[in-house]
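The values are calculated or read from the model by the stated rules, or taken from the named source; none is laboratory data. What you see is a predicted model, and the numbers here were worked out from it, not measured in a lab. For neighbour counting, all protein chains shown are included, and Cβ atoms are generated from backbone atoms with ideal geometry for every residue, glycine included.
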Amino acid sequence: MINKFSSIRYAIPYPKLSYLSNVLRYGIPVLAFLLAACKKKDVVRSKTAQLLVLNASPNAGAVELQQNLKPVGSFTYLNGINPPVSYITIDSGFNNYKIKKAGNEIVNWLFANQGLSLSFFIADTLTTTGLKYFFLTDNLDTTGLGKRSKIRFVHLSPNTDTVELATTRPSNILLDSPLINNPYFGIYAQAFVLNGSGFQNFYADSTVTIKFKKKSDNSILKQYQYQFKKGGIYSLLLKGYSGRGGSDSLSLSIIQHN
C-alpha cells in the first residue's frame, strides 16, 4: 500500500555533530538490545501446553485421547472425592483430537490451543451423538493473601437440572450461602465455555459443608464436608445420574490443580 503522506517532505535541521555522535553511541546498543529481546521472546514462546483429562462419562470405562494420531493417554472414569489425576504435556497450536474406545473412534474434532494449562472434560454417554466434551482454561495464578482458595463448579450430570452450589455460613451454620448456579455443561458450545476459567475465591484452612441443591425446588442432592487448602485451586465435578445407584450414581470429585 502506498502511503499517501510519502510525497510530503519536511525541512529537518541537521543535528550537531556531538548530538549525532551520542545518538550513535547510545542509541545503537539500545536498539540492539530491544531487537534481541524481541527475538528472545519469540524463541521462548511455548510450543506445548499442560492438559488435565477428566473422564466423567459414567460406565464409559477407559477411553483413549489422541492428538494428531498420537496417543495422549488412557483415562478411566473419575471415582472418589480425590481421584489421582495429573497434567500431561501436549503440543500447542491447531491440532486434531480423537476419543477412542477399544480402538473404535467415538469423536473427532479440531481445536486450537495455546501454551496454557487446560482441563479437558468428557461427560454423558460414550456414543458419537451422546458424548459431551470441552476444554476449560485453568487459571493457576495465586489466590492472593489470606486464608483463601479458588474453586469452580462444573456440572456434568446429564439428567439433573440447574444445580446451586452452597455452603453453610460460618456465622450461622443453620443458614446457607449460595455460591454458584450452573446448568448442565453439556448444553454449552465449546466456544462459549472456553471464554473463562470459572474460578472464584472460597474459604480455606477450615472444614466447610458444601451442598448441591436442585435449583427448581431447593432440595439437597448431595452434601459433603471438605477442607480446602490455603492457595489451592480446585474444580468441583458433579457427575453421574440423579436417582440411579451403583457406579454411575450422582457423585462429586474434587480436582486440585496446583
Notebook entry, point to check: Which one of these is surrounded by fewer than 20 Cβ atoms within 10 Å (Cβ to Cβ), modelled with pLDDT of 90 or more and of a type in the set (K, R): K147, K214, K239?
Noted result: K214
Notebook entry, point to check: Quick check, is F153 of a type outside the set (V, I, T) and exposed (fewer than 13 other Cβ atoms within 10 Å of the Cβ)?
Noted result: no
Checklist line | Those residues of the range 165-202 which are buried (at least 17 other Cβ atoms within 10 Å of the Cβ), closer than 13 Å to R152 by Cα and of a type in the set (S, T, N, Q), in sequence order | finding: N182, S197
Note to self: So for the range 167-177 (the condition being under 30 Å from G61 (Cα atoms) and not in a loop (DSSP other than H, G, I, E, B)), does at least one residue qualify?
What the structure shows: no
Next item on the list: Under 6 Å between Cβ atoms, at least 6 apart or on separate chains: pull out the pairs that start in the range 141-167 with a residue that is without any contact (Cβ under 8 Å) to a residue 60 or more places away in the chain and end on any residue that is buried (at least 21 other Cβ atoms within 10 Å of the Cβ) and in a strand (DSSP E or B).
Entry: T167/I210
Next item on the list: Looking only at the range 105-122, count how many residues are touching a residue at least 24 places away in the same chain (Cβ under 8 Å) and over 21 Å from A49 (Cβ atoms).
Entry: 1
Margin query: I need the full set of residues from the range 136-155 which are in a loop (DSSP other than H, G, I, E, B) and of a type in the set (G, A, S), in order please.
Written below: G144, G146
Item checked: Hits in the range 90-104 (condition: closer than 15 Å to T48 by Cα and more than 18 Å from the chain's Cα centre (by Cα)) -> N96
Notebook entry, point to check: For P158, which of the numbered conditions (1) more than 16 Å from the chain's Cα centre (by Cα); (2) closer than 23 Å to N181 by Cβ; (3) part of a strand (DSSP E or B) fails to hold?
Noted result: (3)
Check: How many residues does the range 168-208 hold that are in contact (Cβ under 8 Å) with a residue 40 or more places away in the chain and under 19 Å from the mean Cα position of the chain (by Cα)?
Finding: 13
Note to self: Tell me the residue from I233, I254 that is out of contact with any Asp or Glu (no Cβ under 6 Å at 6 or more places or on another chain), modelled with pLDDT of 85 or more and crowded, with 20+ Cβ neighbours inside 10 Å, please.
What the structure shows: I233
Item checked: Qualifying residues in the range 112-135 (those that are over 27 Å from A102 (Cβ atoms) and assigned to a strand (DSSP E or B)) - the one nearest to the chain's Cα centre (by Cα) -> S117
Next item on the list: Take the range 62-86 and flag every residue that is surrounded by 15 or more Cβ atoms within 10 Å (Cβ to Cβ) and in contact (Cβ under 8 Å) with a residue 40 or more places away in the chain.
Entry: V63, L65, F75, Y77, L78, P83, V85
Check: Would you pick out the residues in the range 223-258 that are more than 24 Å from the chain's Cα centre (by Cα), within 21 Å of P58 (Cα to Cα) and in a strand (DSSP E or B)?
Finding: Q223, S249
Next item on the list: Could you check T162 against (1) under 24 Å from Y188 (Cβ atoms); (2) crowded, with 17+ Cβ neighbours inside 10 Å and say which number it fails?
Entry: (2)
Next item on the list: Restrict the check to the range 141-155 and report whether at least one residue is out of contact with any Lys or Arg (no Cβ under 7 Å at 6 or more places or on another chain) and polar (S, T, N, Q).
Entry: yes
